[in-house]
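The values are calculated or read from the model by the stated rules, or taken from the named source; none is laboratory data. Just so it is clear, the model here is predicted, and its values are computed rather than measured. Here Cβ is always computed from backbone atoms with ideal geometry, including for glycine, and neighbour counts include all displayed protein chains.
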Amino acid sequence: MLLVFSLISLFSGILYSNSLEFIESKPRGIARDFYIYEYLQGNISQDEAIKLYPLIENKSPKMINALLDKIPKEKLQKDLYCKNLSYKELLNSDDECFNLGFKLVYAINEKIDKKTLSRINSKKILNQVKILESKNILDSIIAASGEDFSDIYFTLGSARANVFNNTPKKSQLLSNKNYNKALYHLIISNQYPKFTQALLKVTIKDVNDWSFFALGLNELNAKNTKKALDYFLKASNSKNLFLRDKSLFWVYKLSNNKDVLNQLADSHNFNLYSLYASRLLKKAPNLEIITIDDPIFRGLIKDKSPFDISNPFEWQILSQNIALVKDKENLLHIAKLFYYENTLPHLIFILNRYFNYSKKFFVMPYSDEIDVDANTKALLYAVAKQESKFLPSVVSRSYALGIMQIMPFNVSYFAKNIGIEATKEDMFNPKIALKFGAYYLEHLNKEFKHPLFVSYAYNGGPTFIRNHLKDIKVFSKSNKYDPWLSMEFIPYEESRIYGIKVMANYIMYNEIAGNYIDIDEFLDSALR
C-alpha cells in the first residue's frame, strides 16, 4: 500500500523537456524508449547517441535504424556493429562477431563453405542451415521438427517465397504440435498457393490448434466443406477461448448444428462469434456486462485524482506494481485510491485483476470532452477500448500514444486539419486525444464507409486495407461465406483480430445506447 501511495506523486509536475539528462532520469521501459526515439530525431552528437544505446528497453528495427543514422559503424557497440555487417564483412570478423551477426537467410542467398559452417556455435542454427542447403529444401523443412519449421519460416522474411511457394512432395509429414503459428500464418497469407494447394490433397492429423483452424479455412476456400468441418472440430478443442469460439462458429456455419450454437452462446469470452450466437438464439450473452450505471461505480469522485493520468512514467510504474499484487483485499484497497471520474480506466484495470477478468466493462470515460454523433461515439469508444483500455498515457511498442494510440507522425497533420496547436505529449491528454481519434475516424469513414473497414484502416493504415480491397474476390456478395471468410484472411494478423474485436465492442456500445444492430445485416452491408 505504501508503495502505491508513493507512486501517486512520484513524477508530479513533470516537464517534458526531452534531453539526455531527462531520459537518464526516467525508468527503463517503452515510455522511455519513445523519448529516446524522439531524441534521436534531433540534432544530437555521436557521443549522446552512443550513451542512449544501453538505455533502450526494446531494440526494435525502427529504434536501431534511428541509432545507425547517428553513429558511424566503427563506433557502434559490438553486438550492434556485428549485427549490421554484410556477409562478406562477417567472414573477416572474429568468431564472436560472426555468431552475433550471422543470419539464417545467408543459407539461401550465399554459398557457405565447410570452414564457415564450422564457425557457427549454435547447433540449432547449424542444423537449420544444413536444412536450407539440402537439395529439396521444402521437404527437408517439413521432415524437420516443428520448431525448425517455425524458426525457418519466420526468420526468412522476404526470402520465404523462394522456399515455401513450391509444391512439397511430403506434405503428409506435416504433423507436429510445435509449429506455433507458422503454418497458420503461411496459409492465411495467401502468398504460397502451391503449398496450400498441396495441403488439400492430404489429411493432416496431429498439429496445434491454430494450424487446424487454418487448415479448415484452406479447405473451406477450396469448397471442401467436409474436410473443413473436421479441421474446425479439432480446433474447437482449443484452450484458447477466442480460437475455440472462432472454431465453433465455423462448425456451426458448416453443420447448422444448434447444439454447437448453444455452446458458442454460452461462452464466457466476449467476442463477435459468441455475441453472434447469443443474438441468433435471442438470449443474453453468458457474461456480465458492466456499464457506468452499475452500483460498482456509485460514489465516483468528480474532483481530479492526485494521480497524474497524463504521465506515461507514472502509469508504467503503477501498472507494473499492481501486477505484483496477489492479495484480493489489497487490490480493493488500491482500487479505492482511484475512485475518481478521471481515473475510471485505472480503476477498471485494477477491478479486472480483482474479478479475474470475468466482468466486461463498457464505459465511456472522458465522454463529456467530445461532441460527435452517436455512431462516431460508439466507434470511437469501441476503438479506444481495444487500443488502450481507455488509459490516457499508454505508449505502445511502435510508440503509438495515449487513449487513441495516435502515431507521433500524425500529430502535427491532424492538429493542422482540426485547427488546434498540439504536441505529441498532448496525446496523453484524453480530451485532446479523443478529439484527434474522432477526427481520424471521420476522415477514414469518408473513404471506407463501413465501420469494419474503418477499423482495419485505423489499425493497419489506410494504404494496407485500400490495397487489399482492390481484390474483387474479397468481401464479395458472390462468396457464400463472406464477409466472415474474408475477415479470416485479412493479411495482417493484428488488424485481422483488431477488426473482429472492435466490431464486437461497437455492436455492444450501440446496444447500450439503445441501438440494436442485427449482426448479419450489419456485416453483410460491407459486401461488394
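From (1) modelled with pLDDT under 90; (2) within 24 Å of Lys201 (Cα to Cα), pick out the condition that doesn't hold for Lys73.
Exception for Lys73: condition (2).
Which of the following residues is surrounded by fewer than 16 Cβ atoms within 10 Å (Cβ to Cβ) and within 22 Å of the chain's Cα centre (by Cα): Asn356, Asn330? Before you say what the answer is, go through the steps one by one.
Values: Asn330 fails: within 22 Å of the chain's Cα centre (by Cα).
The match here is Asn356.
Would a scan of region 458-479 turn up a residue that is closer than 15 Å to Tyr276 by Cβ, surrounded by fewer than 20 Cβ atoms within 10 Å (Cβ to Cβ) and of a type in the set (Asp, Glu)? So that I can check it myself, show each step before the final result.
Our first condition is that a residue be closer than 15 Å to Tyr276 by Cβ; within region 458-479, this holds for none.
No, region 458-479 has no match at all.
Go through (1) within 26 Å of Ala382 (Cα to Cα); (2) at pLDDT below 95 for Thr291 and report which single condition fails.
Among (1) within 26 Å of Ala382 (Cα to Cα); (2) at pLDDT below 95, the lone unmet condition for Thr291 is (2).
Conditions tested, residue by residue: (1) in contact with a strand residue (DSSP E or B) (Cβ under 6 Å, 6 or more places away or on another chain); (2) buried (at least 19 other Cβ atoms within 10 Å of the Cβ); (3) among the aromatic types (Phe, Trp, Tyr); (4) not assigned by TED's automatic domain parsing to the domain that holds Ala143.
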{"position": "Arg160", "(1), (2), (3), (4)": "no, yes, no, no"}
{"position": "Leu174", "(1), (2), (3), (4)": "no, yes, no, no"}
{"position": "Asn178", "(1), (2), (3), (4)": "no, no, no, no"}
{"position": "Ile188", "(1), (2), (3), (4)": "no, yes, no, no"}
{"position": "Phe195", "(1), (2), (3), (4)": "no, yes, yes, no"}
{"position": "Leu199", "(1), (2), (3), (4)": "no, yes, no, no"}
{"position": "Phe212", "(1), (2), (3), (4)": "no, yes, yes, no"}
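Go over the candidates Lys88, Lys70, Lys75 one by one and state the one that is buried (at least 17 other Cβ atoms within 10 Å of the Cβ), over 22 Å from Asp151 (Cα atoms) and not β-branched (Val, Ile, Thr). It would help to see each step written out before you state the result.
Working: Lys88 fails: buried (at least 17 other Cβ atoms within 10 Å of the Cβ); Lys75 fails: buried (at least 17 other Cβ atoms within 10 Å of the Cβ).
Result: Lys70 is the single residue among Lys88, Lys70, Lys75 that is buried (at least 17 other Cβ atoms within 10 Å of the Cβ), over 22 Å from Asp151 (Cα atoms) and not β-branched (Val, Ile, Thr).
Hey, among the residues in region 418-463 that are small (Gly, Ala, Ser) and out of contact with any Leu (no Cβ under 7 Å at 6 or more places or on another chain), which one's farthest from Val395 (Cα to Cα)?
So the first thing to find is which residues in region 418-463 are small (Gly, Ala, Ser), and the list is 419, 422, 433, 437-438, 455, 457, 460-461.
Right, trim to out of contact with any Leu (no Cβ under 7 Å at 6 or more places or on another chain) and you get 419, 422, 433, 455, 460-461.
Details: Gly419: 25, Ala422: 17, Ala433: 13, Ser455: 20, Gly460: 17, Gly461: 18 Å.
The residue in question is Gly419.
Say we look at region 233-242 and pick out the residues that are within 24 Å of the chain's Cα centre (by Cα) and crowded, with 19+ Cβ neighbours inside 10 Å; which of these is farthest from Ile512 (Cα to Cα)? Before you say what the answer is, go through the steps one by one.
The initial filter retains those residues of region 233-242 that are within 24 Å of the chain's Cα centre (by Cα), namely 235-242.
With the extra rule that they be crowded, with 19+ Cβ neighbours inside 10 Å, the set shrinks to 235-236, 238.
Values: Ala235: 33, Ser236: 30, Ser238: 31 Å.
Per the criteria, the residue is Ala235.
With the checklist (1) exposed (fewer than 15 other Cβ atoms within 10 Å of the Cβ); (2) at pLDDT 90 or above; (3) out of contact with any Pro (no Cβ under 8 Å at 6 or more places or on another chain); (4) not β-branched (Val, Ile, Thr) in hand, flag the one item Gln46 doesn't pass.
Result: Gln46 fails condition (3) only.
With respect to Ile50, determine if the residue is hydrophobic (A, V, I, L, M, F, W, C) and assigned to a helix (DSSP H, G or I).
Considered against the rule, which asks whether it is hydrophobic (A, V, I, L, M, F, W, C) and assigned to a helix (DSSP H, G or I), Ile50 comes out as yes.
Please find, among Met508, Met487, the residue that is out of contact with any Phe, Trp or Tyr (no Cβ under 6 Å at 6 or more places or on another chain), among the aliphatic types (A, V, I, L, M) and not assigned by TED's automatic domain parsing to the domain that holds Ala182.
Working: Met508 fails: out of contact with any Phe, Trp or Tyr (no Cβ under 6 Å at 6 or more places or on another chain).
Step by step, each of Met508, Met487 is checked, and only Met487 is out of contact with any Phe, Trp or Tyr (no Cβ under 6 Å at 6 or more places or on another chain), among the aliphatic types (A, V, I, L, M) and not assigned by TED's automatic domain parsing to the domain that holds Ala182.
Looking at Ile348, Ile322, Ile403, which is the one that is among the β-branched types (Val, Ile, Thr), in contact (Cβ under 8 Å) with a residue 24 or more places away in the chain, surrounded by 15 or more Cβ atoms within 10 Å (Cβ to Cβ) and touching a Pro at 6+ places or on another chain (Cβ under 7 Å)?
Numbers: Ile348 fails: touching a Pro at 6+ places or on another chain (Cβ under 7 Å); Ile322 fails: touching a Pro at 6+ places or on another chain (Cβ under 7 Å).
After applying the criteria, what remains is Ile403.
Identify all residues within region 325-344 that are assigned to a helix (DSSP H, G or I) and in contact (Cβ under 8 Å) with a residue 12 or more places away in the chain; write none if there are none.
Filtering region 325-344 for residues assigned to a helix (DSSP H, G or I) gives 328-336, 341-344.
Passing the criteria: Lys328, Asn330, Leu331, Leu332, His333, Ile334, Ala335, Glu341, Asn342, Thr343, Leu344.
Those residues that are within 16 Å of Leu254 (Cα to Cα), assigned to a loop (DSSP other than H, G, I, E, B) and either without any contact (Cβ under 8 Å) to a residue 24 or more places away in the chain or not acidic (Asp, Glu) (or both), I need them from region 461-491; list them, please.
Those that are within 16 Å of Leu254 (Cα to Cα), assigned to a loop (DSSP other than H, G, I, E, B) and either without any contact (Cβ under 8 Å) to a residue 24 or more places away in the chain or not acidic (Asp, Glu) (or both): Asn479, Lys480, Tyr481, Pro483.
From the list Asp259, Asp245, Asp230, which residue is loosely packed, with under 15 Cβ neighbours inside 10 Å and in a helix (DSSP H, G or I)?
Numbers: Asp245 fails: loosely packed, with under 15 Cβ neighbours inside 10 Å; Asp230 fails: loosely packed, with under 15 Cβ neighbours inside 10 Å.
Residue meeting the stated conditions: Asp259.
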